[in-house]
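Notes follow once the structure below has been shown.
Readers should treat all values here as calculations from the given coordinates under stated rules, not as data from a laboratory. In this text, all values refer to a predicted model and were calculated from it rather than measured experimentally. We place every Cβ from the backbone using ideal geometry, glycine too, and count neighbours over all the protein chains shown.
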Amino acid sequence: MSDHPEVQRQVESGIDHALAEDADYCDVRFYSKDKSEFLLLYDGNLEANDTGTESGLGVRVLWGGAWGFAASSDLGSIEETFRRAVRNAKTASTLVRIPLDMGTQSPQKGSYESPMKVSPFEVSLKDKLDFLQRIDRELEEDWIQRRMLRAGFQERRVRFWNSEGSRIDKHLCNVFGAMMIMGMDEDGRMQRRSHSLFTTGDGTRGWELMIRPELFSSHTERIKTELSQLLKADELEYGKRSVILLPGQGHLQVHETIGHPLELDRILGYELSYAGGSFVDLGSFGELRYGSEKLNASSYGGVANSPGSFGFDDEGTPEKNYLLIDKGILVNALTSRAMVREANERAGRKVFEGSGGVARASSFYRAPIDRMTNINVEPGDDGSLRDIVEATEDGVILDNPTSWSIGSNREHFHFGCEIAWEIKNGKRTRILKNPTYQGHTLEFYNSLSAVGGRSTWRVEQVNNCGKGEPNQTMEIGHGVPVMRFDDVVTGERG
Amino acid sequence: MLDQKTRELLKKVRDEAAEKGVSASFTIHREKSHLMRIGNSSVSLNTSEELTRLDLRVVDGRREGTHTHLVELDDPDTAREALDVAVKKAAMAAEKSYQPLSETVEDDMDESPQFDSALANLDPAEKAEAYAEIFSRTGDRYNYSGSWSSGVTEIYMVSTANEREAYHVGTDQLFSVVLKDPDGSWELRDDQTGWRFDQFSVDDTVRRLTSLLPVFRNNRGFRVDEGEYTVVLGSGALSEIVSFAVFTGMNGRMWEENQGWTSDRKPGERIVGDNLTVIDDPGNENTFRFGFDLAGKTRKSFPLIEKGVFKNLMYDISSAARFGKEPTGHHTRSPSMVIGTGDGPGDPLQAVADEPRVLWIPALHYMNMPSISRGIFTGSSRFNALLVENGEIVSPIFSTRITDSFQNVLNNVRTLSSTEVSENGSSTYARRAPVAMAVPSYAVIEGVKITDCAESF
Ligand SMILES: [Zn+2]
């Protein structure tokens, strides 16, 4: 590490210290630079022009089957940070019923760079604002009451070491963008339409991602037309019908009811006091019919251009591409090293082959936990959105969440969406406002009756997934096609 | 703790900025945080962080820029560099259509209204010992999880607007334990909150958990049919609903922009039942008390809803500037919301002794709002939820969803407890920000809409 030789030296001696203190395992992440920027144009006014920089070191020590963690932004106190982490682990080990065990993994030497041409931090504020203001002007109309344009950028340089001799360098970049407009409907209530920057899964994810018109800026006219229709729309009436989820909504459905319930730390009960548990148990793998035969869900999925692609996780495991749900049957989970060992031991059989490489931390001062990567639904063979609509008797197409509320074990859910298009006998009829739908996870995925082809599939970016204590916000990707589910409860009873 | 040297350093950089005619505010947020996490009856994480953040905001005519640097602040050059970033950002920013306001420390302040050195210096081993005692006294056959967060938050603020300085230091803690039956699928939870270590009691948690255990061990879960019910909302559920209602209904920006559920109403009009009063009261001991906000404004008792009447709107520094209003002290992460108590008996079972069937929902999980404009919220029961008939607990209930409106629920409060409790609403996303709400220990509400129920807890 040419630019921080002193950090390198102290980290190596810190790991030696931890091992000399009989630690089972130790890992360290040094963020030499963690930069973030957030811009918000609100009705044309630059209401947020924020940047942040963080740098520091986080040390995690497993001692006597328990984790101790310590972090500091003070590079003058690296030695003390190691000592504190060891001390914390020793204290933790006084109350251990099920010791955690990382197993062994061969040392990893490697690096990962988010594919990027132009760092968003090399683009001047003026150029960024020019770009956003141009879109803002396109959104401006007398009848539009609110306009919001958001842009968020992250760039991180992280070095990872562990006591097995792994050393990994990561240079991660994320670009997020969203636009939203609001207007008053005939009942005097605010309606909204939005669009978020997505990826095709390929290409690069620097500033150049944001300025690709087909991914972001060219959607202004569409959302304006849709909002104008919403303002005159009827309300979605309560009833059971098919719902066709566009990726703008489908990705959140997948996130909440496939991603979260399949995090192994949740399944094993490590999130019970905060995020919740899971209706899935260790007996479910290889057995549980999670959805219809049309459902194939994967982790990572070989997606190059996504916030959920990061090369190596935060305990030195290379990212892996694997199926979670195979033709409707649950086959795997989102796994990390200690969780896999504990699960296999508890089940008394080898439920999981090895770590799925999903342990991630949101910053240097947080410890890694099981996180979604890219949680995808594979494209199906039911053609285009138009093909699916033509094959639908009675349903609604739904897009973009306004609200999401999920049961604590992810067994049931309720979503509100921005817009619905009614379908009767294979034809789009009216636009409907205030759509909501609710269901029970297994019943819902078992009613999956159509999965769109590759042309309907895209990667939606999530930058606000909250989990863990102390709390962490994580960036995730979801490659999803258009999906149709039947007999879903939609709307609210009068 | 923030030493005099750091204060002097920041004041020096502030003075330099003022001399150059720069309008800037400097806020240090320092936390000493500890968290012990429990999973599968073991400590799953024992973590401590000591972090200092310097927040800078520069107003340059109608332009502004903010920059946050997570840093050890031992050198004036570090503060100068961060200021320089914010100055350049403001210079390059787009002009606003209105004049932004600058942070101004209104009164010199050096406050520590809730600081407990025992909590600040708590040995993590004491937390592990307390959990071990709870496990053995409540029953080793159960599987326990939980977390215990404690720490010190310091905020120090100066700005170029004047020479004044404001300093706050306080401690806070949030303890939780979840008990899971190894054979069944039910869980029980207990929480404790406060700013002093001696507010925590192993006995209280053991007593509350053991009193509920027989109900869950001896009865199957009850699946609630959709429909309208009389519901006893516990302090957790009540604080969640009222804080969502206040932050979408009494938020100045949302009201001015017709986004909130009160946008078609005006201050002075009755908007909810006349037994509901909500005040932001930074003097209330059951909240985490902050004497100033992050714009430097001195925080005072501020009525939001008085006997059902819409009293005031909250304006932070940016919405005040945008709409030409005075900031109201709400540029804060730590409001002190207080829901007025009623005359209900201490025991909610007594309050519903004559009701044939009541749902007792202590807390709501994952609340959200499908329509802010119409005041519609949804969330589901989690932990310790019970079916009560004629004042007797009958059985636990499965995960049950409420989807209703503030207008309906807050207009139909029949009874409010006469006992006030503290409900901790802190999160630890990014930085330590203690929040607690003072609320009646329960509310009995009629005609609450239940829209779904699972077959499990
Ligand atoms: Zn999430």
Return the calculated 222 nm mean residue ellipticity for chain B, to the nearest 500 deg cm²/dmol, obtained by summing -39500 (n - 2.57) across DSSP H runs with n ≥ 4 and dividing by the residue count.
-> -7000 deg cm²/dmol
Any idea what log10 I(q)/I(0) is at q = 0.08 Å⁻¹ for the protein assembly as shown, Debye with uniform C-alpha scatterers and no solvent?
-> -0.76
Give the calculated FRET efficiency between B:L2 and A:L19 to the nearest 0.05, with a Förster radius of 41 Å applied to their Cβ-Cβ distance.
-> 0.70
Could you please tell me the mean projected area of the C-alpha convex hull for segment B:227-453, averaged over all directions and given in square nanometres to one decimal?
-> 12.0
A:E235 long-range amide H proximity, modeled H, under 5 Å | A:K433
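Would you calculate a helix-derived [θ] at 222 nm for chain A, using -39,500 (n - 2.57) for each DSSP H run of n ≥ 4 and dividing by the full residue count, to the nearest 500? Kindly include the intermediate steps, with their values, before the conclusion.
On the way: 10 runs with 96 residues, N = 494.
One gets -5500 deg cm²/dmol as the mean residue ellipticity at 222 nm.
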Report, in degrees rounded to the nearest 10, the 0 to 90 angle that the Cα long axis of helix B:4-19 makes with the longest principal axis of chain B.
-> 50
In whole angstrom, the spacing between the Cα centers of segment B:375-392 and segment B:260-283 equals 25
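Which value, in Å to one decimal place, does the Kirkwood hydrodynamic radius take for segment B:77-117 when every pair of different Cα atoms is included? Present the calculation step by step, with values, prior to reporting the outcome.
On the way: mean 1/r = 0.0710 Å⁻¹.
Result for segment B:77-117, one decimal place: 14.1 Å.
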For B:S112 and B:E389, what is the calculated FRET efficiency with R₀ set at 56 Å and r taken between the beta-carbons, to the nearest 0.05?
-> 0.70
Degrees between helix B:235-249 axis and first principal axis of chain B (Cα, 0 to 90, nearest 10) = 40
Name the shape class, rounded, prolate or oblate, that the alpha-carbon gyration tensor gives for segment B:362-419, where a ≥ b ≥ c are the square roots of its eigenvalues, rounded holds for a/c under 1.5, and otherwise prolate holds if a/b is larger than b/c and oblate otherwise.
-> oblate
Determine, for each peptide in A:136-145, A:461-470, the mean count of other beta carbons within 10 angstrom over its residues, then list the peptides with the highest first.
-> A:461-470, A:136-145
Taking every pair of alpha-carbon atoms in segment A:284-393, what share in percent sits in each 5 Å bin, from 0 to the bin with the longest distance?
-> 2, 12, 17, 19, 18, 13, 8, 5, 4, 2, 0
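Give the value in nm², to one decimal: projected area of the alpha carbon convex hull of chain A, averaged over all directions.
23.0
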Obtain the nm distance between the two label points defined at A:V118 and B:S136 by a simple spin-label model: each point lies 7 Å from its Cα along the Cα-to-C-beta direction.
-> 6.6
Shape call for chain B from the C-alpha gyration tensor, a ≥ b ≥ c root eigenvalues: rounded (a/c under 1.5), prolate (a/b greater than b/c) or oblate?
-> oblate
Over segment B:114-193, the quotient of the Cα radius of gyration and 2.2 N^0.38 Å is 1.63
With each pseudo-label sitting 7 Å past Cα toward Cβ, what's the B:Q199-B:E126 distance in nm, one decimal?
-> 1.5
Segment A:5-232: Lys pairs at Cα distance under 18 angstrom, eight or more positions apart or on different chains = 8
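Quick check: from the Cα gyration tensor, does segment A:168-300 come out rounded (a/c under 1.5), prolate or oblate?
Numbers: a/c = 2.20, a/b = 1.32, b/c = 1.68.
Verdict is oblate for segment A:168-300.
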If each residue's Cβ is checked for other Cβ atoms within 10 Å, how do B:V87, B:V231, B:V152 rank with the fewest at the top?
-> B:V87, B:V152, B:V231
What angle, in degrees between 0 and 90 and rounded to the nearest 10, separates the Cα long axis of helix B:124-138 from the longest principal axis of the Cα atoms of chain B?
-> 10
Would you mind computing, in nm to one decimal, how far apart the modelled labels at A:N464 and A:D202 are, each placed 7 Å from Cα along Cα→Cβ?
-> 3.2
Label-reachable residues, segment B:208-240, where backbone N falls under 12 Å from a point 7 Å from B:Q350's Cα toward its Cβ = none
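Report the calculated FRET efficiency for B:R217 and A:E79 (r = Cβ-Cβ distance, R0 = 56 Å), to the nearest 0.05. It would help to have the intermediate numbers written out before the result.
Working: r = 51 Å, r/R0 = 0.91.
Here the calculated transfer efficiency is 0.65.
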Tell me, what is the Rg over Rh of segment A:5-232, with Rh the Kirkwood radius over Cα pairs?
-> 1.15
Rounded to the nearest Å, what's the spacing between the alpha carbon centres of segment A:5-82 and segment A:228-299? Just the number, please.
-> 33
Karplus-derived 3J(HN,Hα), 6.51/-1.76/1.60, for each residue of segment A:189-206, Hz, glycine and proline x = 10, 6, 10, 9, 9, 9, 8, 10, 4, 10, 10, 8, x, 10, x, 10, 10, x
